[in-house]
1. Take peptides 221-228, 151-158, 117-124 and line them up by average Cβ neighbours within 10 Å, highest first, as a rough protection proxy.
2. Cβ neighbours within 10 Å, averaged per peptide: list 77-83, 166-172, 299-305 in order, most packed at the top.
3. State, to one decimal in nm, how far the label point of K138 lies from the label point of S119, with both points 7 Å from Cα in the Cβ direction.
4. May I ask you to list the lysines whose Cα is less than 23 Å away from that of K264, ignoring any residue fewer than eight positions away on the same chain?
5. Which length gain, in nm to one decimal place, applies between A189 and R145 when the Cα-Cα distance is subtracted from 0.36 nm times their residue separation?
6. For R237 and K76, what is the calculated FRET efficiency with R₀ set at 45 Å and r taken between the beta-carbons, to the nearest 0.05?
7. Check V178: other-chain or 5+ apart residues with amide H under 5 Å from its amide H, H built from backbone geometry?
8. If packing is taken as the average number of other Cβ atoms within 10 Å across a peptide's residues, how do 240-250, 187-197, 270-280 rank, most packed first?
Amino acid sequence: MTWTLCSIANPVAAFIQMRRVLKPGGDLLFVEDGLSPEIRIARWQHWLTRLWCKWRGPIGYAGTLNWLRSAMGKLKTVEELFKGRHFDRGIVILCVRWYLRFKLSLRDLVEMMAERGLSMAHTTIMRWVQRYAPEFEKRWRRFARAIGQSWRVDETYVKIRGEWCYLYRAVDRAGRTVDFRLSARRDVAAAKAFFRKAIKSQRRCPQTITLDGYAASHRAVRELKADGSLPADTKLRSSKYLNNLIEQDHRGVKQRLAVMLGFKGFRNAAITIAGIELLHRIRKGQFALGRLGVQGRAAPAVWNAVLQA
């Protein structure tokens, strides 16, 4: 096989490039940069040894991508997060927070900012929402309180590009949001994907799951119990009056979505709904902020403390 060893100034990029130029047959080839093949091989062995110790397993293309994703997943500082923006970060946070929390259109926010002497386009706020809603969710997630193990699960409808999609949601017996997932389909695979996402986010399995009468959701729970994703003793029940809790909780999200008149893309819808769900959880007090010392302080001060923590 043919390997082209490139400069090791950036070993991960060189490693990916090396895999990209892999061809069947041939020998080792070296790029002319003043280093002998022996020195280059010794340096690569050093780098690969370090990466082995970090990953504790074989190094391959998938492992490289996972390492890059984990590095990209690290939280940036607040200064890095808002670097290059034309507006003060307080204005950005305010617009995103108000848009996700209240029944305001983008043009409503533009008019409200104009009264403060700020001129901006509605598309600017839309881009802020898409850029910062996931970042805000990652930072608030660190302070999430534990939720109960009795889950009430239901799905509701969201229109995307003129077609109905399905928003799976769950709350515990106290009405605290467990998780959500937007899906283009309403079937067994979508229900299983939601339960796996909820279990992963909560880091524990429910003891009781309450569903409506839709057969696909019941089948999904049975299959998850069969493959070990859910404990075998997980109680599954169907009750209309017990699921009234999740039905009522849908209103907090649906009322905000109603004034948006639908979404144009699935990805944008998922990001926006994640931001709405975040503000819905904040309103329900699902975050423990005691160690930040923000009790009794205004919302802007609380948000700054969370983002900077």
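Values quoted throughout were computed directly from the atomic coordinates according to the rules given, and no laboratory measurement underlies them. Model, not experiment: these values are computed from the prediction. Counting neighbours? That spans all protein chains shown, and the Cβs are built from the backbone with ideal geometry, glycine included.
1. In decreasing order of mean packing, 221-228, 151-158, 117-124 become 151-158, 221-228, 117-124.
2. 166-172, 299-305, 77-83
3. 3.5
4. K103, K159, K254
5. So the extension gain works out to 13.0 nm.
6. After rounding, the FRET efficiency stands at 0.55.
7. Long-range HN contacts for V178: A170, V171, D172.
8. Working: 240-250: 14.9, 187-197: 18.7, 270-280: 21.2.
Ranked from most to least packed, the peptides come out as 270-280, 187-197, 240-250.
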